[in-house]
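Below is one structure; the comments refer to it alone.
Any read-out appearing in this document is the output of simple, stated calculations on the displayed coordinates, not a laboratory observation. In this text, all values refer to a predicted model and were calculated from it rather than measured experimentally. Heads up, the Cβs are rebuilt from the backbone with ideal geometry, glycines too, and the neighbour counts pull from every protein chain shown.
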Amino acid sequence: MSAEVLESYLSGRWQRGEGVETRLYDPVRGDELATVSAKRLDLAGALAYARRNGQGSLRGMSYGQRAKLLGAVSDVLVANRARYEEIAIANSGNTKNDAAIDIDGGIGTLKYYARLGSGLGDARMLLDEKPVRLAKAENYQAVHVLLPRRGVAVHINAFNFPSWGLWEKAAVSLLAGVPLFAKPASATALLTHAMVKDVIEARVLPEGALSLLCGSAGDLLSVLTSEDVVAFTGSADTAARVRGDPNVIARNVPVNIEADSINAALLAPGAAAGSAAYDAFLREVVREMTVKAGQKCTAIRRIFVSSEQADAVTDALADKLKAIKVGDPRDAETRMGPLVTRSQQKAALEGVQRLVAEASIVCGGNAPQLPGIDAQKSAFIAPTLMRAKDGATAKAVHEVEIFGPAATVVPYRDLDDACALVARGGGSLVASVYGEDKDSLLRILAELGPGHGRILAVDSAIATAHTGHGIVMPQCNHGGPGRAGAGEELGGAYGLRFYHQRLAVQGSSDLLAGVQAQAASLH
Ligand code: NAP
């Protein structure tokens, strides 16, 4: 692949920014693959174009018609899947399995919302609740409906999911009738660019329904109107800048934030070695640490085990992690590839250094020397297991997100102690708990629930049947409180809310019957 200039698709045409803002590399070979720049692109004009054209055509369709658009987009992506896999391997250092999570995760989410949308049929709005009587007169009532918003959905995505991040947001906003303006992270924009190009060339979406900005966000936030929304995924630092943008604040632009998270896996007290839950716990921790080289916002970062089991669990995990074959993802035997860039590698190694004062390194913690791979050009990190010296006094263990294949075993005294330690994460996307005792699992759910957006509870009944700690299913809520950003995405039809205005209609029961006739139930 020769270095390509990735253009942006704005105002209905491909446009090139001035100069080079970011160079995209192969994180195994160090080859330059592409460049991006958004300098001097007219973002205000592009947003106005999307509002006028994209919004105009999507608004005239029912949910059922828009669902067909999602199906058509997924067909285009399926037809080109092999090429996307090559790009994911080259630009993100993905193994085939990593690439499948990103690519097929995006296609699967589009298909899921296409099915959901076809069930909403000819409706033009969503019914949130049944009508209620407001006064003595029986025929004076109110009903809550959701109406598609009139602006553009700006989707700012993180580098780790150039496909899933794009389509999990796009599926929901397109079904809601809101055109999207996608801004991928620069370092891995190659895959997003290729997918959008194919969809635009296939002409399966109305003009203006899909825009793409390759390069930095520039003045994007400052040209939003109060009709637009922003769905952001990325680090907590950038999230704070997006939320705090003066124009976003002044115009009350709705912002959904999906940020980082120090997610936990908890082996419940009494889950005996060799039990189905115990084995599932070990498998899942190793999988979460190594899939996509740990570059998943949902990956397990803290591993909670009782003090009595801490030695055995640490040894078992270390044995499994040392056996993971790290290397070039083009090699069929490789189980884990590199991080996406050398700056991510540097940040992850610095993160490990921040933890070593309060945790000891059990394995990894370095950039491994790999045969045939230049350590000066590549971005590898060995699977890294640490063990907290004292979970209660530790700080960095609960606060520093090492965005790589690294996690820390944190021993706990009892169930209360375990739940208190997990809560030190300050709000997370997901926790998984493993045990055989239903009462303990229910107690853990009640304790951890308010600090999480999703909990996977694994007992022997689902030990081999569950979909995984880190895999985001479109049926389930994605997002978490506190440092996770306090956002909510997906979760079936519920995810459509963000792209709608909730409206209470007060009127005669006859009029409300007319409103209901145009609406599909959200529930
Ligand atoms: P990042 O550096 O915060 O960047 C995220 C996105 O924001 C990129 O598209 C970036 O563009 C853009 N951006 C940077 N500065 C901006 C500004 N001032 N205004 C508007 N946009 C701006 O995050 P990242 O390094 O790509 O991603 C890794 C992080 O994302 C991790 O912390 C991970 O936990 C988190 N994450 C969370 C989720 C979730 O669903 N909760 C999912 C995936 C990842 P450029 O690339 O052009 O700078």
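Here are the numbers for this structure:
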quantity	calculated
Prolate/oblate/rounded call for the range 65-166, Cα gyration tensor, a/c under 1.5 rounded	prolate
The range 400-416 and the range 200-232: distance between their alpha carbon centers, rounded to Å	38
Ordering of 311-324, 98-111, 288-301 by packing [mean C-beta count within 10 Å, highest first]	288-301, 98-111, 311-324
Among Asn263, Pro450, Val433 the positive-end extreme of the charge dipole of the chain (Cβ point charges)	Pro450
Of every Cα-Cα pair in the chain, the percent that sits beyond 42 Å	21
Residue among Ile89, Leu116, Ile103 farthest towards the positive dipole end of the range 89-144, charges placed on Cβ	Leu116
Approximate spin-label separation Arg283-Ala202, in nm, with each point projected 7 Å along Cα-to-Cβ	3.4
Largest-first principal axis extents, alpha carbons of the range 427-484, Å	31, 24, 14
Förster radius 45 Å - calculated FRET efficiency between Ser343 and Lys438 (Cβ-Cβ, nearest 0.05)	0.45
The range 412-478 - charge dipole about Cα centre, Lys and Arg +1 at Cβ, Asp and Glu -1, debye rounded to 20	300
Ser226/Glu129 FRET efficiency (R0 30 Å; Cβ-Cβ; nearest 0.05)	0.75
The range 341-498: radius of gyration over Cα atoms, expressed as a fraction of 2.2 N^0.38 Å	1.18
Cut-off under 5 Å, modelled amide H: who pairs with Cys297 long-range	none
Too-long pairs where the Cα-Cα distance tops 31 Å, listed order kept, from Lys183/Lys389; Lys68/Lys96; Lys96/Lys438; Lys320/Lys377; Lys296/Lys325	Lys183/Lys389; Lys96/Lys438
Value in Å of the Kirkwood radius, where the range 130-206 supplies the Cα pairs that are averaged	15.1
Sequence ranges 257-267, 236-246, 383-393, ranked by mean other-Cβ count within 10 angstrom, highest first	257-267, 383-393, 236-246
Gap separating the Cα centres of the range 77-147 and the range 376-395, nearest whole Å	36
Calculated FRET efficiency for the pair Arg330/Leu147, C-beta based, R₀ 45 Å, to 0.05	0.35
Selected from Val397, Trp167, Ala72, residue furthest toward positive end of dipole (the chain; charges at beta carbon)	Ala72
Rounded to the nearest 20 debye, dipole of the chain from Cβ charges on Lys, Arg, Asp, Glu	1220
The range 228-293 - charge dipole about Cα centre, Lys and Arg +1 at Cβ, Asp and Glu -1, debye rounded to 20	40
Shape category assigned to the range 14-119 from the gyration tensor of Cα positions, a/c cut at 1.5	oblate
Segments 354-364, 502-512 sorted - mean Cβ within 10 Å per residue, highest first	354-364, 502-512
Rounded to whole Å, sorted largest first: equivalent-ellipsoid semi-axes of the range 298-393, Cα gyration tensor	26, 16, 10
Three-way shape label, the range 150-256, alpha-carbon gyration tensor, a/c 1.5	oblate
Part-to-part distance (alpha-carbon centres) for the range 282-329 and the range 169-195, which is given in Å	32
